[in-house]
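Everything on this sheet refers to the single structure shown next.
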Amino acid sequence: MAKKSKDYQQMWIESGIDLPGRHIFINDDIGEEMADRLISGLHLMDGDKPVTITLQTYGGDVDSMFAMYDAIKGFHAEIVMKVSGYACSAGMIILQAADSRLIAPHAYAMHHVGEGSLGHQHPRNLEHAHNLYKRQMKMMETILLTKIKEKHPDMTEAKFRNRHDWDIFLSAQETVDMGLADAVSY
């Protein structure tokens, strides 16, 4: 039994996945590796007991963010997500996928329109890449606006865009007041 316990401890240290404790740690930039870690961790957690995800990220890649968001939304058991430190950009979108969204008293959140890079695209691909970017920005806006409207039904797309056209930093309580977290809690 000691060998198995040591294996789990090593997995936890290396991957941020605590299988026996049903806890996943997202504590880095959002990218393919972090998305793979989260999706694999959720896949390994069978049963109906809740899973806790501790989130601390400045954000990252939009495609990986949507992969993580979809994995959390589609998970069969309750997901409790706890923000520790900060949840910025893509992290704010991922937070919205959880069934229960908690933010530590000294944590903060940031959301914004986001930014994309078309890189060195062939000219014919630029239009397609630009259209994809616009669709992704609209999906992120919809996710945030849907949660905000649960608490502020009078919030319209126009008001949202007017108030949120640049980086918006929120304290823990402001994040809850905005409707982007459920409670301030450790």
State the extension gain, in nm to one decimal, for the chain segment bounded by Leu44 and Arg124, taking 0.36 nm per residue of separation less the distance between their alpha-carbons.
-> 24.6 nm
Cβ-based net charge around Leu55, under 10 Å, with every Lys or Arg adding one and every Asp or Glu removing one | +2
So for Met178, Met139, fewest C-beta neighbours within 10 Å to most, what's the order?
-> Met139, Met178
Lysines near Lys6 by alpha-carbon distance under 25 Å, same-chain residues fewer than 8 away left out - which ones?
-> Lys49
Matching label for the computed Rg and Dmax of the Cα atoms in Å, out of (i) 17.0, 54; (ii) 15.7, 46; (iii) 17.4, 59, is (iii)
In a Gaussian network model of the chain with springs linking alpha carbons closer than 10 Å, the residue among Lys138, Lys147, Lys159 that fluctuates most is Lys159
Taking the chain and counting helices only, DSSP H stretches of n ≥ 4 at -39,500 (n - 2.57) each over all residues, the nearest-500 ellipticity at 222 nm comes to -15000 deg cm²/dmol
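May I ask you to list the GluC sites (Glu not before Pro) in the stretch 20-90 that are in a DSSP loop and have at most 15 other Cβ atoms within 10 Å of their Cβ?
Numbers: sites: Glu32, Glu33, Glu78; in loops: Glu78.
Those satisfying the criteria are Glu78.
Please report the net charge: other residues with Cβ closer than 10 Å to the Cβ of Glu32, K and R +1, D and E -1. Don't skip to the end; give the middle numbers.
Working: positive: Arg37; negative: Glu33, Asp36, Asp61, Asp63.
Charge balance near Glu32 sits at -3.
Work out, step by step, the length gained on full extension between Thr156 and Ala183: first 0.36 nm times the residue separation, then minus their alpha carbon distance; give nm to one decimal.
On the way: separation 27, 0.36 × 27 = 9.72 nm, distance 2.36 nm.
So the extension gain works out to 7.4 nm.
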Towards the positive end of the charge dipole of the stretch 2-184, with charges on Cβ (+1 Lys, Arg; -1 Asp, Glu), say which of Leu132, Ser64, Gln173 has the farthest Cα.
-> Gln173
Taking the chain as a Gaussian network, Cα atoms linked when under 10 Å apart, which of Leu19, Leu170, Leu44 shows the biggest mean-square fluctuation?
-> Leu44
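Starting from the Cα-Cα distance between Arg163 and Gln136, subtract it from 0.36 nm times their residue separation and give me the gain in nm to one decimal. Numbers along the way, then the final one.
On the way: separation 27, 0.36 × 27 = 9.72 nm, distance 1.94 nm.
Separation in residues times 0.36 nm, less the Cα-Cα distance, equals 7.8 nm.
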Along the stretch 74-90, what does the Karplus equation 6.51 cos²θ - 1.76 cosθ + 1.60 (θ = phi - 60°) give for ³J(HN,Hα), rounded to whole Hz, x for Gly and Pro?
-> x, 6, 7, 10, 5, 10, 9, 10, 10, 7, 10, x, 6, 9, 10, 6, 4
In whole Hz, with x marking every Gly and Pro, tabulate ³J(HN,Hα) for the stretch 48-59 from phi via Karplus 6.51 cos²θ - 1.76 cosθ + 1.60, θ = phi - 60°.
-> 9, 6, x, 10, 9, 10, 9, 10, 8, 8, 7, x
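Values in this text are rule-based calculations from the coordinates and carry no lab data. The structure presented is a predicted model; accordingly, all values stated were derived computationally and were not measured. Don't worry about glycine lacking a Cβ; one is built from the backbone with ideal geometry, like all the others, and counts go over all protein chains shown.
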